[in-house]
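Engineer: The structure under discussion is supplied below as C-alpha cells; questions concerning it will follow.
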C-alpha cells in the first residue's frame, strides 16, 4: 500500500539519522507531498531537495521543453543558474538528473553548477526511451515497455512528444499473461494512430494467434488501414517506417535491451535498435 511504501522510505531516512558516519545525508524530491516526513526521519542529518515546482529547493529546474531528441531546461543552483539540456526525453528524466546532481555534488564536494556542464554528454540506458538517430523527417524511439501498466505511463507521454501521428510497433509474449493482450490493444488504440503488431517472444504459441488476441482489444481500428498484423518483426518495422510521415513518432516497444526473440525452436538473436537501423537503411535513410 501507499502507506507501507511511505513508511519504508521513511525508514531509509531513519537509517541516515542513526548512521555513525557524520557525512551521511539524504536527497529527496521536494515535490513529494511527504517530504516533511523524510526530513523528520533524518533527524539532524542534512537533507537536500530538488524540485520542478519550488524555487527554494537546493536544485530547481524550470522552462522544461521535452522532445524525442531530449529535454532543455533552466537549472537554478545556490551558485547561479544556467541553460542546459539532456539527451533524454521526459520530465521524469530531469527529476532523475537533479537527484543525481544533488548526490554527486555533496559526495564530491563540488558545486552542482560545475557538474551540470557535463549533462549534455549523458547517455541513456539501452532500450529505455532510446532514440534512433538519422536523417528521417520522423522520429524513432525504442523502449522496453511491454505491460498494460507500462503502456499507461509511456503511451500518453509518447503521444505528447509526437508533432504528427504516433505509430507503435509491439507484440506480446507467448504462453503467458494471456489476459494482458486485449488490454494492450485497447491502450494502443486509445493513443496511437497506427498500430503494427509483431512477434515478441511467441515461444511455442502460434504467433498470429497472439496478435489476434491483442487486436481483439482494438475493434475500432481498421485492418490494413490503422491496424497491421505482421508477425515477422523486421518486416513490421520496415512497414511502420514506410508509413511514417514528417513529424510522426514511431515507438518500437517490448524488446528494449533484450538480445533475443524466443520461438518454439529456441531463441533467435535480436537487437531492437540495430534492427530499426537496418530497416531504415533498407529504405534509404542515413542512420
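Throughout, read-outs are computed from the coordinates displayed, never taken from laboratory work. Note that this is a predicted model, so its numbers are computed, not measured. Every residue, glycine among them, receives a Cβ derived from its backbone with ideal geometry; neighbour counts consider all protein chains shown.
Engineer: Would you mind computing, in nm to one decimal, how far apart the modelled labels at residue 282 and residue 21 are, each placed 7 Å from Cα along Cα→Cβ?
Structural biologist: 5.1 nm
Engineer: Moving on. Over the stretch 130-282, what is the relative contact order in whole percent, taking alpha-carbon pairs under 8 Å and six or more residues apart?
Structural biologist: 33 percent
Engineer: Taking the chain as the reference, fit the longest principal axis to its C-alpha atoms, fit the long axis of helix 272-282 to the helix C-alpha atoms, and give the angle between the two in degrees, 0 to 90, nearest 10.
Structural biologist: 50 degrees
Engineer: Treating the Cα atoms of the chain as identical point scatterers in vacuum, please give the log10 of the normalised Debye intensity I(q)/I(0) at q = 0.07, 0.09, 0.15 Å⁻¹, two decimals.
Structural biologist: The Debye formula, applied to the Cα set alone, gives -0.34, -0.54, -1.08.
Engineer: Still on this structure, please answer the following. Return, ordered by residue number, the residues of the stretch 258-273 whose backbone nitrogen is under 20 Å from a label point located 7 Å along Cα→Cβ of residue 243.
Structural biologist: 273
Engineer: Could you work out how far helix 91-108 tilts from the main Cα principal axis of the chain, as a 0 to 90 degree angle to the nearest 10?
Structural biologist: 40 degrees
Engineer: On to the next question. If you build a Gaussian network model of the chain, linking Cα atoms that sit under 10 Å apart, which residue out of 67, 149, 185 swings the most?
Structural biologist: 149
Engineer: Anyone know which of 42, 112, 69 comes out most mobile in the 10 Å Cα GNM of the chain?
Structural biologist: Result: 42 has the largest fluctuation of those listed.
Engineer: Whole-Å semi-axes of the stretch 78-119's equivalent ellipsoid, largest first, each the root of 5 times a Cα gyration tensor eigenvalue?
Structural biologist: 18, 12, 8
Engineer: May I ask you to compute the full-extension gain from residue 3 to residue 176, defined as 0.36 nm times their residue separation minus their alpha-carbon distance, rounded to one decimal in nm?
Structural biologist: 59.1 nm
Engineer: Nearest 5 is fine: what % of DSSP beta bridges in the stretch 130-282 come out antiparallel, could you say?
Structural biologist: Of the beta bridges lying entirely in the stretch 130-282, close to 25 percent run antiparallel.
Engineer: Convex hull volume of the Cα atoms in the stretch 90-215, per residue, in Å³?
Structural biologist: Details: hull volume 17.7 nm³, N = 126.
It is 141 Å³ per residue.
Engineer: Tell me what the chain gives for mean residue ellipticity at 222 nm when only DSSP H runs of n ≥ 4 count, each as -39,500 (n - 2.57), the sum divided by the residue total, rounded to 500 deg cm²/dmol. Write down the numbers at each step before the final one.
Structural biologist: Values: 9 runs with 103 residues, N = 287.
Calculated at 222 nm, the ellipticity per residue is -11000 deg cm²/dmol.
Engineer: Normalized C-alpha radius of gyration of the stretch 2-121, against 2.2 N^0.38 Å?
Structural biologist: Values: Rg = 14.9 Å, N = 120, 2.2 N^0.38 = 13.6 Å.
For the stretch 2-121, the normalised Cα radius of gyration is 1.10.
Engineer: I need the peptides 156-164, 217-225 ranked by packing, meaning the mean over residues of other C-beta atoms within 10 angstrom, with the highest value on top.
Structural biologist: Descending mean neighbour count gives 156-164, 217-225.
Engineer: Related question: From the mean inverse distance of alpha carbon pairs (Kirkwood) and the Cα radius of gyration, derive Rg over Rh for the stretch 130-282.
Structural biologist: When Rh is taken as the Kirkwood radius, the ratio is 0.93.
Engineer: How would you rank 5-14, 44-53, highest first, on the average number of other Cβ atoms within 10 Å across their residues?
Structural biologist: Descending packing order for the listed peptides: 44-53, 5-14.
Engineer: Still on this structure, please answer the following. Apply the a/c threshold of 1.5 to the C-alpha gyration tensor of the stretch 170-260 and tell me whether it is rounded, prolate or oblate.
Structural biologist: oblate
Engineer: Right, here's the next one. Once the piece of chain linking residue 265 and residue 82 is laid out straight, how much longer is it, given 0.36 nm per residue of separation minus the C-alpha distance between them? Write down the numbers at each step before the final one.
Structural biologist: Details: separation 183, 0.36 × 183 = 65.88 nm, distance 5.49 nm.
Gain on stretching residue 265 to residue 82: 60.4 nm.
Engineer: What residue among 64, 98, 211 shows peak mean-square fluctuation when the chain is described by a Gaussian network model with Cα springs under 10 Å?
Structural biologist: Evaluated over the chain, the most mobile residue of the options is 64.
Engineer: Order these peptides, 258-265, 192-199, 243-250, by their mean beta-carbon neighbour count within 10 angstrom, highest first.
Structural biologist: The densest-packed peptide leads the list: 192-199, 243-250, 258-265.
Engineer: Mind jotting down the distance between the C-alpha centroids of the stretch 167-246 and the stretch 30-94, whole Å?
Structural biologist: Taking the Cα centre of the stretch 167-246 as reference, the centre of the stretch 30-94 is 37 Å away.
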